[in-house]
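A.B. asks: Here it is, the structure, as structure tokens.
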Amino acid sequence: MKKILRWGLSIVCICWLWPAAGFANENSEWFECHSDEGLTKESTDNILKTEITEFLYVDEEKFNHSVHNINGITCVDCHSDIEELNYDEEVPHEQYLKAVCCASCHEEAGDDFKNSVHMKMRNKGITMTCYACHGYHYVQHMESASVAERENSICLKCHNPYQFHDWLPSRDSHFAYVECVVCHAPDVPRHINLKLYDLVTDSFYKSDKLFKVLGMEPEQFMGTIDANKDGLIDAAEFDNLVLLLKQKNIHAVFRAELVADINSIAHHVNRGTAEKTCQNCHSAESPYFNAVSLIFSKDDGTVERYNVARPVLESYHVSHFYLLAGTRMKLMDKIGIFLLAGGACAVFIHFTARVLTIPLRKKKDQDEA
Amino acid sequence: MTSEKEKMIYVHSAPVRVWHWINAFGFVLLILTGLQIRYAEMLNLMPLSDAISLHNYVGFAVIFDYLLWLVYYVGSGKVRIYIPDLRQVVTLAVKQVKYYGYGFFVGKPNPHAMTPDNKFNALQQQAYLMIMFVLLPAQMISGVFLWKIKGYSEYINLLGGIKVIDTIHVVLFFFFTTFILIHCYLATLGHTPLAHFKAMFTGYEEHH
Ligand code: HEM
């Protein structure tokens, strides 16, 4: 078994000669071994039942940025069957570790995941782990992720949505603007994220950059923008925000997307329960668009979030989002009714005059005859 | 009988008649499906997804029909009948307005006599020129953009976003709906209420 580890490496590890009983709860200690990109072990693939080489490398830089490290979770909080490191051994801990149980910390997610096709397929003998979707060492906060980022990092790893959804027109628009779980876990709370897209640099404005340009702290933002202090940026206040941005020379547009809240109900993906009724979204009363928020991403994947009133979606400030029937501009309808009524009036008046003047023309015809 | 025949003049050639009725039928369908799309929560003519696919198919039929029209008129040089004569257009237009507003009621003859080479009166010329070369193309192009938003996103963004495109499409929709209403009414102002309609089927207009 010991042959399995690459020679050079094991030597490095052994030569370190750490105090035998030193138990590593500092993450840095683990990287003495696991920062080596060549560190591998042989094992059997549990599906294909063949010998495979597993890489044991952990990218320290990326791990340090993960949500778990930031929240002080160490290697052994997850690999909890490692109780001590014994440096007298070539490998200071068991080589074959138990599966990590994410649900031991994420209880709610664990419970909600039980109500999911991906869990129920255990009956067929296929086990899907939490980390098949989320990954493990480099988990990030998902709040600031765009629809595309969320889909790419989760569902699209396994599914090709173009194989299904033949009934859905403009599939590319839907997949770009509606996160899969908004339809597939229809009970998950959802909201529209409005993000400021910088036309000069072709990227989304980050929180730190924006507030530097605005010359204020994130906490002061609502105080400045929300004039009537109802905690909601309404259409008039939004106009002022746009004006403020223009004054600060920010050339940007607002982009909107329909995403799920970061909520463990998102795990309720089941067969045959997905949202299929177009009118539930494509109507002016759609409940899908009640919650709207303006977000600015921070580097750790969290966001500054400010609540926005729904009618802002109908404004031209959100020029890159238009939901058929759902966010239609009421002003257009008024213009339309005005045009139609004008036309109908003209026809009606002319027609009345035409009927009333029939005798006139009859008389003229008789005179001529 | 022969005298009757002599009074008839051939104003609408077969390609024009075919084009016209495809276009008219297409417009009615586009308006109905368009209304269903825009007012999904108020109307129940058909399911939204059917309305959308029907609207798209008919939209492309109308675009194809428009191209037929363009090729026929530009190719044959007949497009001239759409171009107003700049020296006379104002006086002629005023005359025409007076006719519709007064002369018609008292039974005066139409100041514009229809001939194959001079089919449209001055008002018609201006309206149709604008419609066929500006408004309808704008309606079709905005429609095609709305059909594949992701695919045309570059052009759409260049024009200021999907909402701008949609506004164009909707405003023109209201314009065309109003236009068709008035168009149908004006078509009853021939020397008999159905004369112009018959002409668009047979090609022959009675001459007076
Ligand atoms: C000529 C080619 C046309 C094409 C290809 C076309 C295409 C489309 C498409 C794809 C949509 C969906 C809108 C969206 O995706 O946001 C749409 C909407 C609509 N179309 Fe058309 N269209 C055409 C002509 C017309 C015409 C002639 C009318 C009426 C006169 C019309 C009336 C409408 C209306 C009312 C809507 C709903 C718009 C909304 O709610 O915002 N379309 N059209």
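The values are calculated or read from the model by the stated rules, or taken from the named source; none is laboratory data. Given the structure is predicted, the values throughout are model-derived calculations rather than measurements. All Cβ positions, even for glycine, are placed from backbone atoms using ideal geometry, and neighbour counts span all protein chains on display. Just the protein is used for accessible areas: all its heavy atoms, side chains included, with ligands, DNA and RNA removed. Shrake-Rupley method; radii C 1.70, N 1.55, O 1.52, S 1.80 Å.
A.B. asks: Please work out the Cα center distance from segment A:141-211 to segment B:128-181, rounded to the nearest Å.
C.D. replies: 27 Å
A.B. asks: Suppose each label sits 7 Å from its Cα in the direction of the beta carbon; what would the residue A:243-residue A:59 distance come out to in nanometres?
C.D. replies: Placing both labels 7 Å along Cα→Cβ, they lie 4.6 nm apart.
A.B. asks: DSSP beta bridges in segment A:141-328, what fraction antiparallel, as a percent rounded to 5? The partial results should precede the final answer.
C.D. replies: Details: 17 of 23 bridges.
Restricted to segment A:141-328, the bridges split so that about 75 percent are antiparallel.
A.B. asks: Shifting gears a bit: So if I take the centroid of the Cα atoms in segment A:269-332 and the same for segment B:53-76, what is the distance between those two points in Å?
C.D. replies: Between the Cα centres of segment A:269-332 and segment B:53-76 lies a distance of 35 Å.
A.B. asks: Still on this structure: What is the mean number of Cβ atoms from other protein chains located within 10 Å of the Cβ atom of each residue in peptide B:161-168, rounded to a whole number? All intermediate terms of the calculation are to be shown ahead of the outcome.
C.D. replies: Working: counts 10, 7, 13, 4, 2, 7, 7, 0.
Mean shielding by partner chains, rounded to a whole number: 6.
A.B. asks: Do any residues of segment A:302-330 show a loss of at least 20 square angstrom of accessible area between the isolated chain and the full protein assembly, using a 1.4 Å probe, and if so which?
C.D. replies: Residues meeting the cut-off: A:316, A:319, A:320, A:322, A:324, A:325, A:328, A:329.
A.B. asks: Modelled label-to-label distance, residue A:100 and residue B:130, 7 Å Cα→beta-carbon offset: nm?
C.D. replies: 6.8 nm
A.B. asks: What distance in nm lies between label points placed 7 Å from Cα along the C-beta direction at residue B:192 and residue A:213?
C.D. replies: Between residue B:192 and residue A:213, the label points sit 7.1 nm apart.
A.B. asks: Continuing with the same structure: Assuming R0 = 51 Å, can you tell me the calculated FRET efficiency for the pair residue A:229 and residue A:119, based on Cβ-Cβ distance, to the nearest 0.05?
C.D. replies: For residue A:229 and residue A:119, the calculated efficiency is 0.65.
A.B. asks: So which aspartates and glutamates can residue A:209 reach, going by Cα to Cα under 19 Å and dropping same-chain residues fewer than 8 places off?
C.D. replies: Counting by Cα, and skipping residues close in sequence, residue A:209 has these aspartates and glutamates nearby: A:143, A:198, A:217, A:219, A:299, A:300, A:304.
A.B. asks: Okay, next question. With both partners inside chain A, how many of the DSSP beta bridges are antiparallel, as a percent to the nearest 5?
C.D. replies: 80 percent
A.B. asks: With +1 assigned to the C-beta of every Lys and Arg and -1 to the C-beta of every Asp and Glu, and no other charges, what is the dipole magnitude of the protein assembly as shown about the Cα centre in debye, to the nearest 20? Let's see the in-between values first.
C.D. replies: Details: 51 positive and 64 negative charges, 989 e Å.
Here the size comes out at about 4740 debye.
A.B. asks: Run the accessible area of the protein assembly as shown with a 1.4 Å probe and give the carbon-and-sulfur part as a rounded percent.
C.D. replies: That share works out to 63 percent.
A.B. asks: When only Cα pairs under 8 Å and 6 or more residues apart are kept, what is the percent relative contact order across chain B?
C.D. replies: Relative contact order of chain B: 29 percent.
A.B. asks: To the nearest 0.05, how large is the calculated FRET efficiency for residue B:7 and residue B:154 if R₀ is 51 Å and r is the Cβ-Cβ distance?
C.D. replies: So, using R0 = 51 Å, E works out to roughly 0.35.
A.B. asks: Find, among the trypsin sites (Lys or Arg not before Pro) in segment A:45-117, those assigned to loop by DSSP (not H, G, I, E, B) with at most 16 other beta-carbon atoms within 10 angstrom.
C.D. replies: A:49, A:98, A:114
A.B. asks: In addition: Using the Cβ atoms and a cut-off under 10 Å, what net charge is assigned to the surroundings of residue A:177, where Lys and Arg are +1 and Asp and Glu are -1? Let's see the in-between values first.
C.D. replies: On the way: positive: A:255, B:150; negative: A:172, A:179, A:257.
Overall, the nearby charge balance is -1.
A.B. asks: Quickly estimate the mean residue ellipticity at 222 nm for the protein assembly as shown, helices only: each DSSP H run with n ≥ 4 gives -39500 (n - 2.57), and the total goes over all residues, rounded to 500. All intermediate terms of the calculation are to be shown ahead of the outcome.
C.D. replies: Working: 26 runs with 266 residues, N = 577.
Mean residue ellipticity, 222 nm, calculated: -13500 deg cm²/dmol.
A.B. asks: Related question: Find the accessible area per residue for chain A; the probe is 1.4 Å, ligands and nucleic acids are left out, and the unit is Å².
C.D. replies: Averaged over the residues of chain A, the accessible area is 58 Å².
A.B. asks: Follow-up question, since we're still on this one. Between residue A:141 and residue B:28, take the C-beta separation as r, use R0 = 60 Å, and let me know the FRET efficiency to the nearest 0.05.
C.D. replies: FRET efficiency, residue A:141 to residue B:28: 0.70.
A.B. asks: Oh, and also: Could you report segment B:21-61's accessible area per residue, 1.4 Å probe, as an integer in Å²?
C.D. replies: 50 Å²
A.B. asks: If you don't mind, there's one more thing I want to ask. Run through segment A:145-252 and list the GluC sites (Glu not before Pro) located in a DSSP loop whose Cβ has at most 11 other Cβ atoms within 10 Å.
C.D. replies: none
A.B. asks: Residues with beta-carbon under 11 Å from that of residue A:235, excluding residue A:235: net charge, scoring Lys, Arg +1 and Asp, Glu -1?
C.D. replies: -3
A.B. asks: When the chain is fully extended, how far beyond the present Cα-Cα distance does residue A:159 get from residue A:199, taking 0.36 nm per residue of separation?
C.D. replies: Net length gain for the segment: 11.1 nm.
A.B. asks: What average number of partner chain Cβ atoms lie no more than 10 Å from the Cβ of the residues making up B:174-182?
C.D. replies: The per-residue average across the peptide is 5.
A.B. asks: Less than 16 Å from a label point 7 Å out along the Cα-to-Cβ axis of residue A:270: which backbone N atoms in segment A:104-144 qualify, by residue?
C.D. replies: Inside the label zone: A:111-123.
A.B. asks: Hey, another quick one. With N set to the number of residues, divide the alpha-carbon radius of gyration of the protein assembly as shown by 2.2 N^0.38 Å and report two decimals. Let's see the in-between values first.
C.D. replies: Numbers: Rg = 35.1 Å, N = 577, 2.2 N^0.38 = 24.6 Å.
Rounded to two decimals, the normalised Rg is 1.42.
A.B. asks: Okay, next question. By how many nm would the segment from residue A:172 to residue A:360 lengthen if fully extended, with 0.36 nm per residue of separation less the alpha-carbon distance?
C.D. replies: Gain in length upon complete extension: 61.3 nm.
A.B. asks: Here's another thing I want to ask about it. Per-residue mean of other chain beta-carbon atoms within 10 angstrom of the beta-carbon, peptide B:95-105?
C.D. replies: If you average over the peptide's residues, the count of other-chain Cβ atoms is 2.
A.B. asks: Under 24 Å between alpha carbons, and skipping anything fewer than 8 positions from residue A:157 in its own chain: which lysines qualify?
C.D. replies: A:49, A:62, A:114, A:120, A:124, A:276, B:150
A.B. asks: Here is a further query. Roughly speaking, what is the stretch gain from residue A:86 to residue A:71, that is 0.36 nm per residue apart minus the C-alpha to C-alpha distance, in nm to one decimal?
C.D. replies: The residue A:86-residue A:71 span can extend by a further 2.7 nm.
A.B. asks: Mind checking how much accessible area A and B bury in total, 1.4 Å probe, in Å² rounded to 100? Kindly include the intermediate steps, with their values, before the conclusion.
C.D. replies: Values: alone 22990 and 13250 Å², together 32690 Å².
Summing both sides, the interface buries roughly 3500 Å².
A.B. asks: Then there's this: Just in segment B:102-158: which trypsin sites (Lys or Arg not before Pro) are loop by DSSP and have at most 16 other Cβ atoms within 10 Å? Walk me through the numbers on the way to the answer.
C.D. replies: On the way: sites: B:119, B:148, B:150; in loops: B:119, B:148, B:150.
Here the sparse-neighbourhood loop sites are B:148, B:150.
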